[in-house]
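Data block below; observations after.
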Amino acid sequence: MVKENITTSELHGKKDGFVIRMSSELMAYLCNDYAYRNPNRFSRLKALQDLLIRYQEAKQSSSQMNVNIAQLIKAWGWSRPSVLAFVEQLVKLEVLQVCNMVTSKVVHLKPGLFSPALSPSDSI
């Protein structure tokens, strides 16, 4: 399986970030999207970016990313079935894990998805 890399520095213009190992299967899934019909609706790729931002913000504040399905529905402008289907697909692709809480389902990115940022000399 071929691995592509996208860094948070590319997403946010920051120099300090981490490398995300992403399978070609995941990239194909994220790119096959029809969100362009509604500009207020996140694309799959934008939704993944939102999850990455939430993870990074939680990590910087030394807390755990605790986002539930209802929060994602509101943030992404998607229906509940669409969010659940996307989350389920990311679980199958080993990107997310879902924890059932008393009143909701909480989504966490799998930490194994990330690698420490490479220095410029490492990319040669």
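In segment 81-96, what residues are crowded, with 16+ Cβ neighbours inside 10 Å and either over 12 Å from the mean Cα position of the chain (by Cα) or at positive phi (or both)?
SER82, VAL83, LEU84
Can you tell me how many residues within segment 18-46 are part of a helix (DSSP H, G or I) and either in contact (Cβ under 8 Å) with a residue 12 or more places away in the chain or within 19 Å of ILE73 (Cβ to Cβ) (or both)?
Total meeting the criteria: 12.
List pairs: first residue in segment 47-64 and in contact (Cβ under 8 Å) with a residue 12 or more places away in the chain, second residue of a type outside the set (Gly, Ala, Ser) and part of a loop (DSSP other than H, G, I, E, B) anywhere in the structure, Cβ distance under 6 angstrom, at least six positions apart or on different chains.
ARG54/MET65; TYR55/MET65
Looking for something among the β-branched types (Val, Ile, Thr) and in a helix (DSSP H, G or I) - is there at least one such residue anywhere in segment 48-64?
Within segment 48-64, one or more residues are among the β-branched types (Val, Ile, Thr) and in a helix (DSSP H, G or I).
Out of everything in segment 17-55 that is small (Gly, Ala, Ser) and at pLDDT 85 or above, what residue ends up being nearest to VAL87 (Cα to Cα)? Break it down stepwise before answering.
First, the residues of segment 17-55 that are small (Gly, Ala, Ser): 17, 23-24, 28, 35, 43, 47.
Pick out the ones that are also at pLDDT 85 or above and you get 43, 47.
Values: SER43: 13, ALA47: 10 Å.
The selected residue is ALA47.
Just a yes or no: is a residue in segment 66-80 buried (at least 17 other Cβ atoms within 10 Å of the Cβ), of a type in the set (A, V, I, L, M), closer than 19 Å to PRO111 by Cα and at pLDDT 85 or above?
Yes; the residues of segment 66-80 include at least one that is buried (at least 17 other Cβ atoms within 10 Å of the Cβ), of a type in the set (A, V, I, L, M), closer than 19 Å to PRO111 by Cα and at pLDDT 85 or above.
The values are calculated or read from the model by the stated rules, or taken from the named source; none is laboratory data. Keep in mind the model is a prediction, meaning the values are calculated, not measured. Cβ atoms come from the backbone with ideal geometry, glycine included; neighbour counts cover every protein chain shown.
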